Structures are given as structure tokens and as C-alpha cells.
1. Rounded to the nearest percent, how much of the accessible area of the range 12-88 (1.4 Å probe, protein heavy atoms only) is carbon and sulfur?
2. If r is the Cβ-Cβ distance from TYR49 to ASN173 and R0 is 30 Å, what FRET efficiency results, to the nearest 0.05?
3. Karplus couplings for the range 48-59 from phi (6.51 cos²θ - 1.76 cosθ + 1.60, θ = phi - 60°), rounded to Hz, Gly and Pro as x?
4. 5 Å is the cut-off here: which amide hydrogens, built 1.01 Å from N in the peptide plane, fall below it relative to GLN82, excluding neighbours closer than 5 in sequence?
5. What residues qualify as long-range amide H neighbours of ARG187, i.e. H under 5 Å apart, gap of 5 or more or another chain, H built at 1.01 Å from N?
6. Can you tell me which lysines have their Cα less than 30 Å from the Cα of LYS97? Leave out same-chain residues fewer than eight positions away.
7. What are the ³J(HN,Hα) values, in whole Hz, obtained from phi via the Karplus relation 6.51 cos²θ - 1.76 cosθ + 1.60 with θ = phi - 60°, for each residue of the range 66-81 in sequence order, with x given for Gly and Pro?
8. Pop out the ³J(HN,Hα) list for the range 131-139 in order, Karplus 6.51 cos²θ - 1.76 cosθ + 1.60 with θ = phi - 60°, rounded to Hz; leave Gly and Pro as x.
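The values are calculated or read from the model by the stated rules, or taken from the named source; none is laboratory data. Predicted model, so just to flag it, every value in this text is computed and none were measured. Glycine gets a Cβ as well: all are built from the backbone with ideal geometry, and neighbour counts include every protein chain shown. For the accessible areas, the whole protein counts, side chains as well, though only heavy atoms, and no ligand, DNA or RNA atoms are used. Shrake-Rupley method; radii C 1.70, N 1.55, O 1.52, S 1.80 Å.
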Amino acid sequence: IVLLLLPGALLAQTITTVKPGWRSIATAGFSAGESGASPVFQLSGGITYSRFFNGIGMGYSSYEFNSFPVFADWRMNFGKQQLVFVYAMPGYNIPGKFTREVNFFGTIDERLRGGFYIDAGIGYRIPLGLLNRLSFSAGYVSKSVSHKKIYSYPCGIVPCSETPPDKYVYRYNYGLVTTKLSWELGR
């Protein structure tokens, strides 16, 4: 009798629908590596659905070279109250400066080029109300930058022959530990 009534009991239960929502996340923290610690700022926004958040964002990282990462923000919540989460932010690292120095011995052009960027880790969220949350997270950041230096020298002996400039390219791949405090606004 129970087996015959079970399908009817399953159909009689209410079905809850999950509506998508929006969320903005403002973050401040520190990244640390071999050269010490430096501040990190990030701002992202996107759509929440069930246990997932998908969005886009940008930030500022001052470790060694100033850069502005642009990334996709993905988060997945765990638990009944969805307080624990994992996150991944893959993207591109845009460099922040270009310098040109002219002195008696020649010209030095320094150009920075961006590269791959990813920030991934785990965090814990504290609800502050219906739409506000405070979250703490720790993770790993990989930041790539290439640094191109071009040295050109003036001619010192007449007649001058055109000498090609010296070019050096340095590629940096930083692996950093990060800790962040975030304020989340939205559903």
C-alpha cells in the first residue's frame, strides 16, 4: 500500500523555484610573495542562481609591478545556509606603467606587457542582513607580466654607423598567497 501511495505523495509536494538575483562584490586585501606583501583591490558584479555566482570584474594589484587584472568571477556556495564558498577568477593582467628615460648615454624604453591572471581560493561568508554579507577568503594568485627594455646609444665617433638597439625581455610569473575581506551586496 505504501509503494502504491508513494508516487502520489511525491507529486503532492510543493516545488520551489529558484529565481536569479544580482550581486556586487567589493574586495580589499593583501597578496604576499618573496618580495613582501602588497595591497589588492577588486570589484565584481554578476548574477546569482541557486548556489552559483557568475560575473565579471576588475581590480588593482601592486605586487612588484602595478597591474589591473580583468577577470571572470565564478563562485560556488556550500552548506545549507551557503556560508562556505570556493571561487576562481581567471583573466588577463593589464600592466600599469610605461617609462622612457633619456640621458647622456642613450635612451631606455621600458614597456610592460600583461599576461595570464588567476585568483582561486576558499572563503567564509557572514550574513549582515537580507542583502548584505561580509566575507573572508584566502587563496592563491598567479600573475604574469613581461618587461621589455630597449637600450639605444648615441654615436660618439664620426662617421656614425647606425647600431641597432639592445633589446631585453624579462618574463615574470608570480605565485602569491592572498587574503581578502569582501563586502557583498545583493541576493
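1. Numbers: 2880 of 4460 Å².
That share works out to 64 percent.
2. Here the calculated transfer efficiency is 0.30.
3. 9, 8, 6, 9, 10, 10, 10, x, 10, x, 9, x
4. Placed amide hydrogens put nothing under 5 Å from GLN82.
5. TRP22
6. LYS143, LYS148, LYS149, LYS167, LYS180
7. Running phi through 6.51 cos²θ - 1.76 cosθ + 1.60 with θ = phi - 60° gives 5, 8, 10, x, 10, 8, 9, 10, 10, 9, 10, 9, 10, x, 5, 8 Hz.
8. Here the 3J(HN,Hα) series is 10, 10, 9, 10, 10, 10, 9, 9, x Hz.
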